[in-house]
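Encoded as structure tokens, the structure appears first; notes follow it.
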Amino acid sequence: MSGSLSHLTRRFFDVLTSKPLSISERATVASWLAPELAEVFFEQMDADQRHGYHAALSVISDGHDDGEVITAALMHDVGKRHAHLGVIGRSVASVMIVLGLPLTERMVLYRDHGRNGARELVELQAPSLAIEYALHHQGERPQTIESNLWKTLVAADQAPKAGTRADF
Ligand SMILES: [Fe+2]
């Protein structure tokens, strides 16, 4: 998990300025995902949908056009939506997490979004790569994900403008 204040500031503005996906972008995402996964993807806040969409474009531009990799990129942050935190709440939570301060229930949900999202993806019978990447994307590469594929997915999880790790 990335925690520098400059990073948090960049991610704050990235989330703040994200536009909703257009109709054609939504159709593209829907064409990439199984219907039950698409339903969950579109429950995310606009900024997270755009972040997932950018991550998918990034893995595709890196030469990974198979559905499992695209699904992993799209779905890795779906656990965040359970925290119901907006941009300010996320920023406060991030600082509290970095400083090791006591967290509210929603902040804990936000902190644990990888594990929560992975559990949900298991129930939705998502590809194993999507489950594994959601579970581990805030930390170290698991042995179940090959090194170059991990690098591709981590690179895709960058804020597009600032080039910084987007999971704060
Ligand atoms: Fe992310």
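Readers should treat all values here as calculations from the given coordinates under stated rules, not as data from a laboratory. Bear in mind that the values here come from a model prediction, so they are computed numbers and not experimental data. Positions of Cβ are generated from backbone atoms using ideal geometry, with glycine treated the same way; all protein chains shown enter the neighbour counts.
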- By Cβ neighbour count within 10 Å, fewest first, GLU140, GLU120 rank GLU140, GLU120
- Query: How are the Cα pair distances of the chain distributed, in percent, across 10 Å bins from 0?
  - Reply: 11, 43, 38, 9, 0
- Message: Can you tell me which of GLU132, GLU36, GLU68 moves the most in a GNM of the chain? Springs connect C-alpha atoms under 10 Å apart.
- Response: GLU36
- Which residue, SER22, SER61, SER91, tops the fluctuation ranking in a GNM of the chain built on C-alpha contacts under 10 Å? SER22
- Go ahead and set up a Gaussian network model of the chain, Cα springs under 10 Å, then flag whichever of GLN143, GLN158, GLN125 fluctuates most. GLN143
- Query: So how do ILE145, ILE60, ILE23 line up by other beta-carbon neighbours within 10 Å, fewest first?
  - Reply: ILE23, ILE60, ILE145
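Per DSSP H run of n ≥ 4, the term is -39500 (n - 2.57); total these for the chain, divide by its residue number, and report the mean residue ellipticity at 222 nm rounded to 500 deg cm²/dmol.
-18500 deg cm²/dmol
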